[in-house]
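Here's the structure we're looking at; comments come further down.
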């Protein structure tokens, strides 16, 4: 088609943030773009999200921002950023030995860089508004992908009734030709399913033993003022600090809150499935459970609302997906959750998906706009992106420990302090925390993992060396004194006392 002198015809399946950004990139290159979405118009408040939650706030970081920066859409990034709230760090909530509530701010970055809280719905709406104004883009909602032939480059869609009461009507099916199909249709991707019939795709799907449920903390001006509290960091109509990601850590569970521009907080409760099962069986224990595990959180929501939201909002699983390759020949490629769904603990799911778009089009731009050129581009894209996708998937899972336990670990905080000190005071050392590399740079995820591992080894050798040198010195001093005392016939303290003293001093650094 495109080889015959026509424009490249691109089908994008999924109109979420990743699909919308991919459509903008494709349209700016002069392609004929058709976006197909199973749901209704995502700008309509009545459209039910695929995960059935009312709203999800996300952390927008440098990778997502950079992808929008290179979209070629004037004003898009500024419009998106104007509806975000800066989060400079984590606010760790707990209580002291006296039972008083505590808040501890932990900055994300020694250089003052920050994450941005963004409403997924508003982000999606802004992108779709920009798409709708482009003459070479068509948005088609209520279309379900039912089949795809990536050799013949044909796709089939079932047109869903826009009115749910019209389910008795016979559904119409249409056939659409294409040059390239971009699958941006989420973890349960139809594009990936049909692509697997044409490519030998290694595929790994797993669920972790953790469920999640969404809650909302109301604004400080809520009518429930008498039953809902605030914290000492509350300001500007928010019940707690609007410039932090809030964490109530616990042994194997966690409660987090992300600010919204309407002065609410979108919160998520993570816990093992057994905990959810117990609370579902005994909902009357919910408030006491929250007071014990997440001190102060229930007071911010309100006891009645806590109970109501737990019962009404779904309790959902967390899925992790890895696959390879991410493409087939010149005609199909998957991006975002369709290629690498991950648990949400690094806040990189959407950012990685948006980055997929930028990286994909860098490869497409580097090769001729022919079938052969696209085949090469998709091959090199998969070669680069698969290891990065697998790495960030693993990092996201590992970060659950950091969020619910590491934030209270003295060893973790000590390493973070050392790395930040070196980054700030000795920049030539090249040291940065893993979090800063992931969230505030565009360095490849796989490279981040390699560099951070080298840093870890250097720090371990440095710490071991700092211990060995004084120990060897103490032994040499003790041996010298022993020889001297032997000649004089006097005694010296046993060397074990030196070692015990040294151990006590090291232990005191970590409060143990």
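The values are calculated or read from the model by the stated rules, or taken from the named source; none is laboratory data. Small disclaimer: the values here were computed from a predicted structure and weren't measured. When we count neighbours, we look across all protein chains shown, and the Cβ atoms used for this are built from the backbone with ideal geometry, even at glycine.
Restricting attention to region 178-188, does a residue exist that is surrounded by fewer than 19 Cβ atoms within 10 Å (Cβ to Cβ), closer than 30 Å to residue 359 by Cα, modelled with pLDDT of 95 or more and over 23 Å from the mean Cα position of the chain (by Cα)?
No.
When the residues of region 1-29 are filtered to those that are more than 18 Å from residue 76 (Cα to Cα) and at pLDDT 95 or above, which remaining residue is surrounded by the fewest Cβ atoms within 10 Å (Cβ to Cβ)?
Out of the qualifying residues, it is 9.
Within region 248-264, which residues are under 19 Å from residue 101 (Cα atoms) and either buried (at least 22 other Cβ atoms within 10 Å of the Cβ) or free of Cβ contacts under 8 Å to residues at least 24 places away in the same chain (or both)?
Passing the criteria: 248, 254, 255, 256, 257.
Give just the number: which of (1) touching a strand residue (DSSP E or B) at 6+ places or on another chain (Cβ under 9 Å); (2) in a helix (DSSP H, G or I); (3) under 25 Å from residue 211 (Cα atoms) does residue 357 not satisfy?
That leaves (3) as the condition not met.
Can you tell which of 451, 407 is in a helix (DSSP H, G or I), at pLDDT 75 or above and surrounded by 14 or more Cβ atoms within 10 Å (Cβ to Cβ)?
Exactly one residue qualifies, and that residue is 451.
Taking only region 110-159 into account, find how many residues are assigned to a loop (DSSP other than H, G, I, E, B), surrounded by fewer than 19 Cβ atoms within 10 Å (Cβ to Cβ) and touching a helix residue (DSSP H, G or I) at 6+ places or on another chain (Cβ under 8 Å).
Residues in region 110-159 being assigned to a loop (DSSP other than H, G, I, E, B), surrounded by fewer than 19 Cβ atoms within 10 Å (Cβ to Cβ) and touching a helix residue (DSSP H, G or I) at 6+ places or on another chain (Cβ under 8 Å): 5 in total.
Quick one: count up the residues across region 288-337 that are more than 24 Å from the chain's Cα centre (by Cα) and outside the structural domain of residue 221 (by TED's automatic domain parsing).
So the count comes out to 5.
Could you list, in sequence order, all residues of region 257-295 that are closer than 17 Å to residue 218 by Cβ and touching a helix residue (DSSP H, G or I) at 6+ places or on another chain (Cβ under 9 Å)?
Selection gives 257, 261, 265, 267, 268, 269, 287, 290.
If you take the residues in region 76-107 that are part of a loop (DSSP other than H, G, I, E, B) and either buried (at least 18 other Cβ atoms within 10 Å of the Cβ) or touching a residue at least 40 places away in the same chain (Cβ under 8 Å) (or both), which one is farthest from the chain's Cα centre (by Cα)?
So, considering only residues that are part of a loop (DSSP other than H, G, I, E, B) and either buried (at least 18 other Cβ atoms within 10 Å of the Cβ) or touching a residue at least 40 places away in the same chain (Cβ under 8 Å) (or both), the one farthest from the chain's Cα centre (by Cα) is 83.
Looking for something assigned to a loop (DSSP other than H, G, I, E, B), at pLDDT below 85 and under 19 Å from residue 245 (Cβ atoms) - is there at least one such residue anywhere in region 56-70?
Yes.
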